[in-house]
Amino acid sequence: MAMTMDPLRFSPGQTPSHRLRQTGASVLGGEGSRPESGACRRSSGRVDASPAYAPYAPQMPGDLPPGMTSVRSGSSNAEAAWETSRPVSCGSQASGISLQPDVDERPPSASKSGLLYTDTAPSLENFSGPAQNVPVLRKVQQRRYRGPPEQIPKAVWSDSVAHLAPEEEWPLHAVPLFIFGGVDRPRPAYREELKFTLRNDKYVSFALRLRCGTGDHYMGGTIGLLHNPERTEALAGDEGQLATILDLVVQPDNSVIVTAIGDLDFTVARTWMPRGLRGLQLAFVDVHRSKVPALQPLLRTCDEEPGFALFGQLVARAHGFEQVAEALNGADGPFTVFVPRDDQLFAALGGGSVEEMLQTPYLQAILACHIVRGKVPFEALYSGRTLKAIDGSVLMVTFTQWPRGGPCVNDVPGEHMDIFASNGVIHSIKGVLMPAPRSNQRR
């Protein structure tokens, strides 16, 4: 038996109300009523809590529905806005009460109620003074270095302008500034080696750049050493010293051991902080060419070098050693002298005054075995090389660490190598050499 159903009758372009109720689109279409809640039914009757909806109108993001005031917008009638936005209870007797959202979902920037729109908000002003809290190097202790681990030529920046005539001006040199805090910065002598460790990220990052070939020296480059305990920006007129980095060794703890050689002093002419160097300063510097120290003879170098004065006094005043003293004073050369420290020489000779030490037996032989004819720098030393002193004693050079670490002369450890003089070179040792018998004599 076939069943027939009456077709739904509705005007064209109009959606059936029962379909709107099923899909929930009646809220948008403004037709029909909300489903009744069982909690709102009473035994005496039924409360109609269905609101009267207005026709749908599109709203922009951040706009409130018509008739609603935001509590966040700073309105003075905050209580009325709360009453309007409060949800309707089931026991309300008034019909047509609109259900409004509980919270204003607009961002603070839409209602202009954030801190940026208040009169008491702080404002940023341009700072035209020198930069503060710049990165500095701390706890740097200068100590005499035994020499580079490899045979590296000790070329400094001043060598590149040595060909200029005395009346010609040296060009301004652009160098990165390594600022040291604390008590003082390293102050190496001209062409003296120094060694320090970098642990600050800014300096470590720049050291890696130098190691990758961005400097003016292989595996390094020229830098400027400055001292600034206030950690402020270096300004024009500050004094510093050039140094040429010879070697960079990256440690497992991400620190970098820097081996450098001292150069001439300079005055800062202009500074700037380029992008990409994380606060590191660059500067044009005016190098003091008039302060190039002249090399002194060996004996005078011993007198001026701290810790070597006793050896120089004994050589100059030893009886029967006048010709050797005159040769070391510049009359002849070159020579290589292994100079013991004052405390080591004082203990080996029995102590006392200089006059008493001059009476030591075989003093001339002890002094002569420390002097070798010819200039033998550290680069020319290798393990197993033998040198002959002026008295005939044989001196053998060895290294305790591979490849060229811990140099020793006849098992006496070296301390500071390559102190250059006008007629030779000085190597400092931590002990006193003793004259050995000649090869044709029995021990």
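Here are some notes:
- Selection count where residues are in contact with a Leu (Cβ under 7 Å, 6 or more places away or on another chain) and open to solvent by 10 Å² or more (accessible area, probe 1.4 Å), scope the range 360-375: 1
- Of the residues making up the range 252-307, those that are more than 30 Å from A131 (Cβ to Cβ), touching a residue at least 60 places away in the same chain (Cβ under 8 Å), small (G, A, S) and out of contact with any Asp or Glu (no Cβ under 9 Å at 6 or more places or on another chain) number 1.
- When residues in the range 207-216 are screened for being in contact with a strand residue (DSSP E or B) (Cβ under 6 Å, 6 or more places away or on another chain) and crowded, with 21+ Cβ neighbours inside 10 Å, 2 of them pass.
- The lone exception for I261 - which of (1) open to solvent by less than 30 Å² (accessible area, probe 1.4 Å); (2) in a loop (DSSP other than H, G, I, E, B) it fails: (2)
- Entirely in the range 377-424, the strands (runs of 3 or more DSSP E) that have 1 or more residues that are open to solvent by 50 Å² or more (accessible area, probe 1.4 Å): 386-388, 394-401, 412-421
- Evaluation of T271 against the conditions (1) out of contact with any strand residue (DSSP E or B) (no Cβ under 9 Å at 6 or more places or on another chain); (2) open to solvent by less than 60 Å² (accessible area, probe 1.4 Å) shows that the sole unmet condition is (1).
- Top-ranked residue of the range 300-334 - restricted to ones that are of a type in the set (A, V, I, L, M, F, W, C) and within 12 Å of I419 (Cα to Cα), ranked as modelled with the highest pLDDT: C302
- Selection of the range 186-224 for residues being free of Cβ contacts under 8 Å to residues at least 60 places away in the same chain and under 18 Å from A283 (Cα atoms) yields A207, R209, L210, T214, G215, D216, G220, G221, I223.
- Residues satisfying the criterion are absent from the range 251-258 (criterion: among the polar types (S, T, N, Q) and farther than 30 Å from A234 by Cβ).
The values are calculated or read from the model by the stated rules, or taken from the named source; none is laboratory data. The structure displayed is predicted, hence computed values, not measured ones. Positions of Cβ are generated from backbone atoms using ideal geometry, with glycine treated the same way; all protein chains shown enter the neighbour counts. All accessible areas refer to the heavy atoms of the entire protein, side chains included, with ligands and DNA or RNA removed. Shrake-Rupley method; radii C 1.70, N 1.55, O 1.52, S 1.80 Å.
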